[in-house]
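The values are calculated or read from the model by the stated rules, or taken from the named source; none is laboratory data. None of these values were measured; they are calculated from a predicted model. Reconstructed Cβ throughout: ideal geometry from the backbone, glycine too, with neighbour counts over all protein chains shown. For accessibility, only protein heavy atoms count, side chains too; no ligands or nucleic acids. Shrake-Rupley method; radii C 1.70, N 1.55, O 1.52, S 1.80 Å.
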Amino acid sequence: MLKFENVSKVYDDGFQAVSSVNFEIQEGEFLVIIGPSGSGKSTTMKMINRMIPHTSGTITIDGNDVTKLNAAELRRNIGYVIQHIGLFPHYTIAKNIAIVPELKGWDKEKINDRVHELLKMVGLDPEVYSDRYPKELSGGQQQRVGVARALASNPRVILMDEPFGALDPLTRDQLQGELISLHQKLKKTFVFVTHDMDEALKLGDRIAIMKDGKLLQIDTPEKLLHEP
Ligand code: ADP
Ligand code: ADP
């Protein structure tokens, strides 16, 4: 459903962050992009929803060139979770999750039901957390809200850029397990960036290895582990 063909990114200062990357991912696949800091992972992700425009090559979603899709609409149809999720501090948890559905003009009741459902989905009791503010939640709980927010408008693709990078190992381990369950349940396409191989092996249906802006290899964890 998502295809990169010879995609490159040269930033305004002339730096080539991504060089001729090719891959294709299937609907419902969990792809993990791994590589050292500066290898072009975030740039690759952000080109999918056009937060960063690519310089050359073609990115298509279901055969549609992303450059021909309306930018705001594209972003609203692709959920995005980042390390420092930046929940709005002066909005309640419920309001934070409701932002995109409100932009889409859903009616109030539908939004309330959806927020309720999403909080339960990410393991937070709606009765307890809906009316709290982000600073009243732990880092792990805030990240759960970030995932709920990304899922709010029922996007087909969820992009996650080191969402668990700032969490302690135990919380991180727990959220990884929950994310796997969520992926199996929702059957959505997940693209997840990390620089942690254990995390990549645990989560990915396939793992794409990046270095110096190039995609070195893309394979299942089994193949990566068992082939020289
Ligand atoms: P990663 O996510 O793998 O850490 P990034 O995609 O963030 O890598 O960055 C890839 C390279 O592009 C890095 O060397 C980074 O310094 C550079 N880069 C990122 N953003 C910009 C920018 N706006 N202008 C110039 N260079 C950038
Ligand atoms: P536009 O530039 O068309 O106004 P925005 O940049 O406001 O669009 O983004 C539209 C939607 O995409 C927002 O509702 C927001 O949730 C999401 N989005 C955009 N950038 C990010 C980001 N860096 N992190 C998380 N979500 C983002």
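Before moving on, here are some points about what is shown:
- Among the residues making up region 188-212, those that are touching an Asp or Glu at 6+ places or on another chain (Cβ under 8 Å) and open to solvent by 30 Å² or more (accessible area, probe 1.4 Å) are H195, D205, R206.
- Of note, M51 does not satisfy the criterion of being touching a strand residue (DSSP E or B) at 6+ places or on another chain (Cβ under 7 Å), within 16 Å of ligand 2 (Cβ to nearest atom) and either of a type outside the set (D, E) or open to solvent by 10 Å² or more (accessible area, probe 1.4 Å) (or both).
- Hey, T43 open to solvent by less than 50 Å² (accessible area, probe 1.4 Å), over 23 Å from Q184 (Cβ atoms) and under 16 Å from the mean Cα position of the chain (by Cα) or not: yes
- Subset tally (residues that are within 14 Å of ligand 1 (Cβ to nearest atom) and open to solvent by 60 Å² or more (accessible area, probe 1.4 Å)) for region 11-40: 8
- Whichever residue in region 77-100 is part of a loop (DSSP other than H, G, I, E, B) and of a type in the set (S, T, Y) and, among such residues, is farthest from ligand 2 (Cβ to nearest atom): T92
- Within region 81-115, the set of residues being among the aliphatic types (A, V, I, L, M) and open to solvent by less than 90 Å² (accessible area, probe 1.4 Å) comprises V81, I82, I85, L87, I93, A94, I97, A98, I99, V100, I111, V115.
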